[in-house]
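Trainee: Attaching a single structure in structure tokens format; questions to follow.
We did not get these values from a lab; they are worked out from the coordinates using the rules stated. The structure displayed is predicted, hence computed values, not measured ones. Cβ placement follows ideal geometry from the backbone for every residue including glycine, while neighbour counts extend to all protein chains displayed.
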Amino acid sequence: MMKKYSIQVISAAPLIIVLFASINWFVDPYWFYGSPEISRLNKSKPLAGENPRLFEIVNVLRRKPEVLIIGTSREDSGIDPKNEIFRERSVFNAAISSQPFVESKGILESLSKRNGNPKQIILGLLFENANAYGYSLPADYSIENFDQSRPYKLLLSLSTLKASAKTVVKNIIGHSTTTAGDGFRTPDQWTEQLLIGQHKAFKDNERHYLLDNHFPLPKCKNALLLEQDDILSKTPMQELREAIAIAYSMKSDMRIFIGPSHARQWETIQVSRLWSQFEDWKRMVVQMVEAEAKKANTKPFEVWDFSGYNSITNEAVPALTDKTSRMRYYYESSHYTPAAGDLVLDRIFNYHAPDRTVPADFGVLLTSQNIEAHLAHIRAAREQYRQTHHDDIAEIEAMAREVARTKHCQITGIPK
Amino acid sequence: MLFNSYVFIFVFCPVVFFGFFHIGKYSHALASLWLAAASLFFYGWWDIRYVSLLLGSIVFNYAAGYLIGHRIARTSITVRSGYNTTAGLKSDQPQNELVSQSVSQSVSQSVSQSVSQSVSQSVSQSVSQSKILLAVAIAANLILLGYFKYAHFFADNLNHFAGTALSVGQVILPLGISFFTFTQIAFLVDTYQGKVKEFNFVYYTLFVTYFPHLIAGPVLHHKEMMPQFAKRNVCHINWDNVAVGLSIFVLGLAKKVLIADSLAEFATPIFNAVAAGGQPMLFEAWFGALAYTLQLYFDFSAYSDMAIGISLMFNVRLPMNFNSPYKATNIIDFWRRWHMTLSRFLRDYLYIPLGGSRHGKARRFLNLFITMLLGGLWHGAGWTFIIWGALHGFYLMVNHAWRAFKEKMGWSEGGKLAKLCAGALTFLAVVVGWVFFRADSFSSAMTMLHSMAGLNGMSLPTSWEGKLGQYDWLSFNGVGFAVKEGGEILTLGFAIIWLLPNVWQMFQVYRPTCEDLKESHSLMDSKSLPALREKWLRLFQWQPTKKRAWATGVLFAIAIMGLTRVSEFLYFQF
């Protein structure tokens, strides 16, 4: 009897595993297996949007696109792979929320190992990612996502089974996905978030930057380099330098840009007294791109700056009481819409779309020769913005004072 | 290699299992050798370089034990031949006790002076040689452990307090070093005390390296293991043991993968956030502390269950390691139920040699405290572990003092309500201890406790946010909103630990561990169970039926599928 019992246990387990794996393959909640898509069953993949790190890392490494977009959530929802510039080339948007430079580097490194060198790389940079004291990997970051066997292991996973069940239920009730198969976050994801009104969305985001992002815990510091005692690991800028070096070694054409966040976003940097560091960061980026080009014996990648105060970033924000008006170029102060993203692409690829024109003051190609003049120009534009936007400035300064009082540790930049 | 890995479940375990029983058909010695080699492979899977360290430790300790044993045996023979008139010697009496007893008392009184002097000299020389050997061997073990486990800790503290600039370099902690060091120290001490009978090198190697216990225990004792390896029928497949062992392994795997790992997804980010300087509010802090309390139990006891299950499939019974510790109604009771084999080791090889309770109340308390303090240090090289040990030492002192006070006053144990309160208080004390155990530093532990005391405000579920409308006043008063997920897994965990029988209770009829039945029954106290509770327990009694086989198979499949999971982003706002 005991022998029979043991054999039954040992036989039941693989049968169940095969059954569950078949369900996972068929539903394919993360677009891994290319299974047939049936509407009202598995066509929409909402779980891909709920687990972007898994979905995007695994898929970009599997698909080996010709055009690769990397960066943070700003690029994830701002740079559309369906833009006509890319025409018939395979494009994947692997920009992910809070993507640290080490993750961008990981993607390039893994693609290189798998002989998947993209012809074109578009890298969006975020100043906050460069803080050597803000370095921490996102909670959903997993090194296993870079493993070639990851999709197969996930076939035999309970997490995937749960995701499959949720996918089917969401398909039946007509829930659509907020992430497209090419990794792009559709504007739908913002619909609910903007119900509070766009001005409130701006304020919430700015408070978040003032409270958490500019001077993150535990040290409440922001610096591009680590102090001697704190050097335990590489700084984000070292990771970025290595990512750039890999891109040169891949013989890809990389276009780097500093994103077009709203003028109010730059004001949170100003009020946190990080402006000179912000400028140093731009200098550092240009310097490292040129230095690595010299090492690779090739011409430097283009570095574009869309930050600052120009006809796009100065777009007027609706009043706090107005909850229905929507801005053309912004969701909130940090995240820009695909309309702004299209202009970014037009500028960096010098593309002339028939239905839009890039304003002349939007986007400057940075080199070590023009950077000082460019920075001085932004400073002047900032002064002008402060003269013409008293209410915006007052609102941000009041928030900064409130945050300085609330925060558990002393923020070095903001007086209480 | 971990039990909860594909390579162990699908490759290592089946190969070793069939290999062992196949070879066992031809040769017991070869089968034992196969199991020892497989155990070394199991260990080397993690890092092949450390196999030589493990083997070196085994050879050294076996040689030291052999030499000590040889001298003790010679002493015994000398005593016997010199004083064959000596009466009352029992063969199972520890030899060194026998020797000292003989030398100091009976001998000098019952035999002639001249013989006594020469024998006495030779015996005491042998005893002192054995003692020196024992001291050297124990010191060597402790130095090895000290270097790999504590060098950084001591250097850092010395640098901090004495302003020195000691640098130890990079030291990787070899897996299971605490376990194989302790089991071998016990072997040496017992050899010195003349308690060791089995000196077969293969069985000794197997006892130390035996893969089911090698990495996370239970802490084995040679006395209960080596005779089992020596049994001839150990290498004949026994389907009773296979069925029971497999079922226990599946339950352990499910506990680890489905419960412990799910709980870790909640406990870890909270403790990490605190380590990074965050200050959780009331609910998050309690959530983190309780999730970790359950995670640790499910993780550790699951690993013990898996070890017991696998070992049973090889016809070897390991000792029981957990007996529903969170059902304890006082701290003394807790330590009889939690990591029982370590408690036993600390009692026999630290507390009793320190003097135990033989030198008065104050000394007993001191011995208890020192034992727990060192027990804390054994768990990890850090002040938080020492504080955890000290805290439990303090708890035990209070518990003993309270017990003595109750006895003096003639108070009874109390009714159900008193037991419930005692259980709740014990659990609370244990949770506070785990906060120190888990936190990365003393200040992080204090932050958690501060928050658990409600001194850092409280948060409400985000789902309430919309319903409460404008909530600036709440925020001003220290109330925020945070995502509350994971309540289900916490509830499930509590239901399992408090309402369900433990694995041993489910399988007790089949005697899955090496405790003898009488001892185990007294552990369970099953006679005093009320009828309803007994009925409830009987419901979970394992039986080899077809339905249960399928249920176990499904659970096995689900647990295997739980090995690969997707790390989801959890947002704790504090």
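Trainee: State the extension gain, in nm to one decimal, for the chain segment bounded by residue B:495 and residue B:162, taking 0.36 nm per residue of separation less the distance between their alpha-carbons. Could the numbers behind the result be given before it?
Mentor: Details: separation 333, 0.36 × 333 = 119.88 nm, distance 4.99 nm.
Here the segment from residue B:495 to residue B:162 would lengthen by 114.9 nm.
Trainee: On to the next question. Under the classification rounded if a/c is under 1.5, otherwise prolate if a/b is larger than b/c and oblate if not, where does the protein assembly as shown fall, given a ≥ b ≥ c as square roots of the Cα gyration tensor eigenvalues? Present the calculation step by step, with values, prior to reporting the outcome.
Mentor: On the way: a/c = 2.10, a/b = 1.94, b/c = 1.08.
It comes out prolate by the Cα gyration axes.
Trainee: What does the net charge come to around residue B:350 if you take all other residues with beta carbon closer than 15 Å to its beta carbon, with K and R at +1 and D and E at -1?
Mentor: Values: positive: B:344, B:347, B:358, B:363, B:364; negative: B:190, B:348.
Computed value for this residue: +3.
Trainee: What residue among A:55, A:220, A:1 has its Cα farthest toward the positive end of the dipole of the protein assembly as shown, where the charges are +1 on Lys, Arg and -1 on Asp, Glu, each on the Cβ?
Mentor: Final value for the positive-end residue is A:1.
Trainee: Taking Cα centroids, how far is the range A:340-411 from the range B:276-325 in Å?
Mentor: Comparing the Cα centres of the range A:340-411 and the range B:276-325, I get a distance of 52 Å.
Trainee: Mind giving me the nanometre distance, one decimal, between the label points for residue A:324 and residue B:440, set 7 Å out from Cα along Cα→Cβ?
Mentor: 5.0 nm
Trainee: Work out how far the C-alpha atoms of chain A reach from end to end along every principal axis, then list the three figures in whole Å, largest first.
Mentor: 85, 55, 55
Trainee: Under 14 Å from a point 7 Å along the Cα-to-Cβ line of residue B:11: which residues of the range A:158-180 have their amide N that close?
Mentor: none
Trainee: Mind jotting down the distance between the C-alpha centroids of the range A:42-108 and the range B:331-390, whole Å?
Mentor: 55 Å
Trainee: Add +1 for every Lys or Arg and -1 for every Asp or Glu among the other residues with Cβ under 11 Å from the Cβ of residue A:189, and state the total. Show your work: numbers first, answer last.
Mentor: On the way: positive: A:185; negative: A:50, A:76, A:188, A:192.
Cβ neighbours under 11 Å give a net charge of -3.
Trainee: Name the most mobile residue of A:291, A:139, A:339, meaning the one with the largest mean-square fluctuation, in a Gaussian network model of chain A with Cα contacts below 10 Å.
Mentor: Per the Cα network of chain A with a 10 Å cutoff, A:139 tops the list.
Trainee: Follow-up question, since we're still on this one. May I ask you to derive the FRET efficiency for residue A:379 and residue A:224 from their Cβ-Cβ distance with R0 = 22 Å, giving the value to the nearest 0.05?
Mentor: Working: r = 19 Å, r/R0 = 0.87.
That pair, residue A:379 with residue A:224, gives E of 0.70.
Trainee: Let me ask something additional. Starting with the fewest neighbours, write out A:305, B:333, B:440 ranked by other beta-carbon atoms found within 10 Å of each beta-carbon.
Mentor: Numbers: A:305 22, B:333 17, B:440 14.
The fewest-first ordering by Cβ neighbours comes to B:440, B:333, A:305.
Trainee: Taking 0.36 nm per intervening residue step and subtracting the Cα-Cα distance, what contour gain separates residue B:22 from residue B:420 on full extension? Can you show the working numbers first?
Mentor: Numbers: separation 398, 0.36 × 398 = 143.28 nm, distance 5.23 nm.
Result: 138.0 nm gained on full extension.
Trainee: Right, here's the next one. For the range A:46-149, which GluC sites (Glu not before Pro) are both in a DSSP coil and crowded by at most 16 other Cβ atoms within 10 Å? If you can, show how the numbers build up before the last one.
Mentor: Values: sites: A:50, A:56, A:66, A:75, A:84, A:88, A:103, A:109, A:128, A:144; in loops: A:66, A:88.
In loop regions of the range A:46-149 (DSSP not H, G, I, E or B), the sparsely surrounded GluC sites (Glu not before Pro) are A:88.
Trainee: Can you pull out the trypsin sites (Lys or Arg not before Pro) in the range A:38-73 that DSSP calls coil and that have at most 15 other Cβ atoms within 10 Å? Working shown, then result.
Mentor: Values: sites: A:40, A:43, A:53, A:62, A:63; in loops: A:40, A:43.
Taking the range A:38-73 and a limit of 15 other Cβ atoms within 10 Å, the loop trypsin sites (Lys or Arg not before Pro) found are A:40, A:43.
Trainee: Kindly flag which residue pairs out of A:221/A:282; B:25/B:195; A:113/A:282 have an alpha-carbon separation exceeding 26 Å in this structure. Mind dumping the intermediate values first?
Mentor: Numbers: A:221/A:282 19 Å; B:25/B:195 32 Å; A:113/A:282 30 Å.
The pairs that break the limit, which is 26 Å between Cα atoms, are B:25/B:195; A:113/A:282.
Trainee: Using a cut-off of 17 Å between alpha-carbon atoms, which lysines can reach residue A:3, once sequence neighbours fewer than 8 places away in the same chain are excluded?
Mentor: Straight-line reach from residue A:3, under 17 Å: B:546, B:547.
Trainee: Which residue, A:336, A:351, A:248, tops the fluctuation ranking in a GNM of chain A built on C-alpha contacts under 10 Å?
Mentor: Comparing A:336, A:351, A:248 in the GNM, the peak value goes to A:351.
Trainee: Next question. Just list whichever of A:119/A:299; B:327/B:416; B:149/B:256 have alpha carbons separated by over 20 Å in the model shown. Don't skip to the answer; put the middle values down first.
Mentor: Numbers: A:119/A:299 16 Å; B:327/B:416 13 Å; B:149/B:256 26 Å.
Correct reply: B:149/B:256.
Trainee: Here's a follow-up. Counting Lys +1, Arg +1, Asp -1, Glu -1, what net charge surrounds residue A:137 among other residues with beta carbon under 11 Å of its beta carbon? The partial results should precede the final answer.
Mentor: On the way: positive: A:53; negative: A:103, A:140.
Around residue A:137, the charge tally is -1.
Trainee: For an R0 of 41 angstrom, estimate the FRET efficiency from the Cβ-Cβ distance between residue B:412 and residue B:275 and round to the nearest 0.05. Can you show the working numbers first?
Mentor: Working: r = 46 Å, r/R0 = 1.11.
The value I calculate is 0.35.
Trainee: Between residue A:7 and residue B:240, what is the label-to-label distance in nm when each label sits 7 Å out along the Cα-to-Cβ direction?
Mentor: Each label point is offset 7 Å from its Cα along the Cβ direction, giving 2.1 nm.
Trainee: In nm, to one decimal, how far is the modelled label at residue B:63 from the one at residue B:47, with both set 7 Å along Cα→Cβ?
Mentor: Each label point lies 7 Å from its Cα, and together they span 2.4 nm.
Trainee: Note the full-extension length gain between residue A:280 and residue A:193 as 0.36 nm times their separation in residues minus their Cα-Cα distance, in nm to one decimal.
Mentor: On the way: separation 87, 0.36 × 87 = 31.32 nm, distance 3.38 nm.
Full-extension gain reported as 27.9 nm.
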